[in-house]
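Worksheet for the structure shown next.
Please treat every number below as a calculation from the coordinates, not as lab data. Here the structure is a predicted model, which means the values were calculated and not measured. Positions of Cβ are generated from backbone atoms using ideal geometry, with glycine treated the same way; all protein chains shown enter the neighbour counts.
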Amino acid sequence: MQVGFIGIGRMGSGMAANLLAAGHELTVYNRSPAKTETLIGKGAKLAGTPGEAARGNVVITMLADDRAVEQVVFGKGGILDTLPRGAIHLSMSTISYALDERLAAAHRDKGQDFVAAPVFGRPDAAAAGKLFIVAAGKPEAVTRCQTLLDALGQRTFIVSEAAATANLVKLSGNFLIAAVIEGLGEAVTLVSKAGVDRAQYVDLLTSTLFGAPVYKTYGALIAEERYHPAGFKAELGHKDMRLALSAAQQLQAPMPLASLLADRFLALMAAGGGALDWSALALIAKRDAGEPTKLTPSE
């Protein structure tokens with residue numbers, strides 16, 4: 001399949017490599033072309049503009065936020081202007097519910113298909129092809145993307161024909177992860193102030209009542225304070241809490257805990273920790289308890 005891939009960041013680089021390994025003809029675009037060099041060495045073609053990456057059967061976007069997606073889709077010579085009729089924009093970014101609705105309508109007006117398929121998983125899972133994918137869109141369009149999704153993830157959950165629903169599910173999941181991180185941060189701070197070993201405490205939790213992967217992954221990061229390099233930056237966690245709250249307002253579903261988490265991420269960013277992994281939210285609990293903290297990334 002002729003595939004374009006836009007967004008060669010920590011997630012996108014591994015995802016694009018897996019598509020190449022699966023035998024797809026890949027054209028890649030990134031705002032910083034240097035990040036595409038490894039993929040070019042493996043056989044990918046380099047696009048000079050987003051539109052040049054959108055001339056095949058499917059173009060995938062894996063970008064940081066709404067603004068980045070809007071620029072590559074709606075900008076002059078972007079995806080919307082270049083994607084052939086009947087081709088698919090497979091959006092794998094975590095973006096707003098409202099932008100998903102706008103994208104679906106814009107592509108429909110152009111005779112193009114749109115599938116939203118945000119992912120759960122950190123960069124190591126992306127590189128290993130072990131992401132969990134939440135997909136939504138017209139059934140026939142999702143089916144046409146299935147070989148790509150199979151190369152990128154270990155399981156795809158198809159949740160709706162309405163594309164925006166996929167990002168609503170993803171945002172709700174990120175809200176729950178953030179709630180786990182905040183809870184772990186507070187609990188670890190509490191017991192460590194009494195002299196309990198942090199790593200031993202997390203091992204106790206994850207070996208008994210809290211054996212889920214989210215507790216094991218983030219518990220270990222918090223116990224060891226491994227917040228750099230970031231698998232998912234705190235500033236993106238803050239972005240996702242804001243997007244969840246925006247959707248909650250649109251759907252009239254109050255989320256008071258999401259409001260708290262947005263403020264906690266804002267406090268972390270204000271203290272200089274926006275580029276740290278979002279598990280560094282635990283440092284705010286530690287700081288509030290009067291413990292010494294380091295809130296800027298190590299070089």
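Only DSSP H runs of four or more residues enter the estimate; each adds -39500 (n - 2.57), and after division by the residues of the chain the mean residue ellipticity at 222 nm equals -16000 deg cm²/dmol.
Among 201, 97, the order by Cβ neighbours within 10 angstrom, fewest to most, reads 201, 97.
Is the shape of segment 160-264 rounded, prolate or oblate, going by the alpha carbon gyration tensor and its root eigenvalues a ≥ b ≥ c, with a/c under 1.5 for rounded and a/b larger than b/c for prolate? Since a/c reaches 1.5 and a/b is larger than b/c, the shape of segment 160-264 is classed as prolate.
Each 10 Å bin from 0 upward holds the following percent of the Cα-Cα pairs of segment 1-153: 12, 48, 36, 4. Between residue 203 and residue 55, the contour length at 0.36 nm per residue exceeds the Cα-Cα span by 48.3 nm.
When the Kirkwood hydrodynamic radius is evaluated over all pairs of different C-alpha atoms of segment 203-299, what value in angstrom, to one decimal, is obtained?
14.3
Which whole-number percent is the relative contact order of segment 2-161 (Cα, under 8 Å, 6+ apart)? With pairs under 8 Å counted, the relative contact order is 21 percent. The antiparallel fraction among DSSP beta bridges confined to segment 2-161 stands at about 10%.
Between the helical axis of 256-270 and the longest alpha-carbon principal axis of the chain there is an angle of about 90 degrees.
Placing +1 on each Lys and Arg Cβ and -1 on each Asp and Glu Cβ, with no other charges, gives segment 1-83 a dipole about its Cα centre of roughly 180 debye. Taking the square roots of five times each eigenvalue of the Cα gyration tensor of the chain, the equivalent ellipsoid has semi-axes of 35, 20, 17 Å, listed largest first. Note: relative contact order over segment 19-99, using C-alpha pairs below 8 Å and six or more positions apart, is 28 percent.
Could you please state, rounded to a whole Å, how far the C-alpha centre of segment 53-115 is from the C-alpha centre of segment 206-229? That distance is 35 Å.
Ignoring lysines fewer than eight residues from residue 42 along the same chain, the ones with Cα atoms less than 26 angstrom from its Cα are 130.
For segment 58-100, the convex hull drawn through the C-alpha positions has a volume of 67 cubic angstrom per residue. Please name whichever of 256, 183, 220 sits farthest to the positive end of the charge dipole of segment 179-263, dipole taken about the Cα centre and charges placed at Cβ: Lys and Arg +1, Asp and Glu -1. Of the options given, the answer is 256.
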